[in-house]
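The values are calculated or read from the model by the stated rules, or taken from the named source; none is laboratory data. Quantities reported herein were computed from a predicted structural model and do not represent experimental measurements. Reconstructed Cβ throughout: ideal geometry from the backbone, glycine too, with neighbour counts over all protein chains shown.
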Ligand SMILES: [Zn+2]
């Protein structure tokens, strides 16, 4: 089954499809409706199983990555250069841990801004960074290596253990890092701590309140904001609202997108990201760059400030 889901995800192009899958589940759960022959409690079980499969898939992809990709290395160089002179924060909707892994491998200290009393990690050195140049990494939709213990409510962050092995091992090796509770045949003790854009508005959870507040604070204090590969979709209205109310009008905005997003003269370009950015931030100075992620950080890695 895992293999089938994996192939289906690759085939369908994960960015688009994942969202659609979860939106159906989220909507149904929210409304306590039936979807086809499934009751909503049954849907919750299926949704959780799917979430675990996605966690497994992303984790495996991260472990198969060679961490030598030029695009990312240019980005890392850029981060290193900039953080030497000014505070730097990254706000991401991504669930994967690629960036954290690149940071660790390239000696960049980061702070997840969890403000959570009860989080615990299997990496003892983490969270004790004393350097002044810590990069804030705010994952507003959670992360594939974050799990909530159903028994003691601790947030467990797995940085060393292979999550894939943890989740799909018949020996039930999965255990809370804090209380050491194990699951049984019926219940998984560790629940993935990640949310979808559809779910975020109905989630009344302190963890996400903290993360979204941290994101708002960083945006309010920013004089420059760079959007990377984000098309500002209308569907992300919660996140759009956060951006709109937090970004000061004096902040300079740079938007890095792909060539295919570029408006064409004489054509109707109203469906393109550029229009959505100009509508949401009418008072800001916005620079658009359509050369893509790789080119942008290649050009900027040496000379930026
Ligand atoms: Zn526990």
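Does any residue in region 222-250 that is in a loop (DSSP other than H, G, I, E, B) come within less than 6 Å, Cβ to Cβ, of a residue that is exposed (fewer than 15 other Cβ atoms within 10 Å of the Cβ) and modelled with pLDDT of 95 or more six or more places away or on a different chain, and which pairs are these?
249/283
Given the criterion in a loop (DSSP other than H, G, I, E, B), surrounded by fewer than 19 Cβ atoms within 10 Å (Cβ to Cβ) and modelled with pLDDT of 80 or more, identify the matching residue among 130, 161, 178.
178
If you go through region 257-269 one residue at a time, do you hit one that is closer than 21 Å to residue 94 by Cβ and either assigned to a loop (DSSP other than H, G, I, E, B) or at pLDDT 95 or above (or both)?
yes
Out of everything in region 183-201 that is closer than 26 Å to residue 241 by Cα and modelled with pLDDT under 75, what residue ends up being surrounded by the fewest Cβ atoms within 10 Å (Cβ to Cβ)?
Taking the candidates together, the pick is 201.
Residues that are touching a strand residue (DSSP E or B) at 6+ places or on another chain (Cβ under 8 Å), more than 16 Å from the ligand (Cβ to nearest atom) and part of a helix (DSSP H, G or I): does region 79-97 have at least one?
Yes.
Quick test for you: out of 272, 242, pick the one residue that is surrounded by 16 or more Cβ atoms within 10 Å (Cβ to Cβ) and under 26 Å from residue 83 (Cβ atoms).
Of 272, 242, the one residue that is surrounded by 16 or more Cβ atoms within 10 Å (Cβ to Cβ) and under 26 Å from residue 83 (Cβ atoms) is 242.
When you go through (1) modelled with pLDDT of 95 or more; (2) surrounded by 13 or more Cβ atoms within 10 Å (Cβ to Cβ); (3) outside any helix (DSSP H, G or I) one by one for residue 217, which number turns out not to apply?
Checking residue 217 against (1) modelled with pLDDT of 95 or more; (2) surrounded by 13 or more Cβ atoms within 10 Å (Cβ to Cβ); (3) outside any helix (DSSP H, G or I), the one that fails is (3).
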